[in-house]
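Everything below concerns the one structure shown next.
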Amino acid sequence: MYQKIILSLTTAFLVGCGVQTDSVTKPSMFQSVHEKEAVLLQEGKDKESCPRCGMNLPKYYKTNHSALLDKKTYQYCSIHCLQDHLYDDVSLKNPLVVDVDTLKFIDATKAYYVVGSSVKGTMSRVSKYAFATKEKAELFQKENGGEIVDFYKALEIAKKDFK
Ligand SMILES: [Zn+2]
């Protein structure tokens, strides 16, 4: 009799724990999303990791970039790892960036980057967040500060971060 009660209490406790663990693992950083929300463009067993630094891509999703190199798609944690991997490589093709607003990949060369806002960045003290529309970028800027630039300028700033 007692055993039964203890058993059911234990079960209840374990179930309770499960729920708690789930809420603990919920993303805490601004750039984090749930794994299910993250779009992964690269293939293979390490597709959830940045090929440059190894960081988890869903965790830094809102600064994720991707590009084609030698016909292969690479997905990076940030514009820094993209820059660090490709440099000024002319073969850099189809650079994409996550739109902070919709969490979808968009053409990086057409994105509006908010650089240097008060929201913490990835691999850099100067954060860079991209938006598909100028309106959304301005809304973000209004709340968090920073400067609105294009992809090439953001790339320039990313290069300087290493010096
Ligand atoms: Zn990285």
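FYI, it's all coordinate maths here, none of it is from the lab. Since this is a predicted model, take the numbers as computed values, not measurements.
Brief remarks on what is shown
- Rounded, prolate or oblate (a/c below 1.5 giving rounded, otherwise prolate when a/b exceeds b/c) for the stretch 110-161 by Cα gyration tensor: oblate
- The stretch 29-160 - convex hull of alpha carbons, volume per residue in Å³: 91
- Unsatisfied cross-links (Cα-Cα over 31 Å) in the set LYS45/LYS134; LYS47/LYS110; LYS47/LYS142; LYS45/LYS153; LYS71/LYS142: LYS45/LYS134; LYS47/LYS142; LYS45/LYS153; LYS71/LYS142
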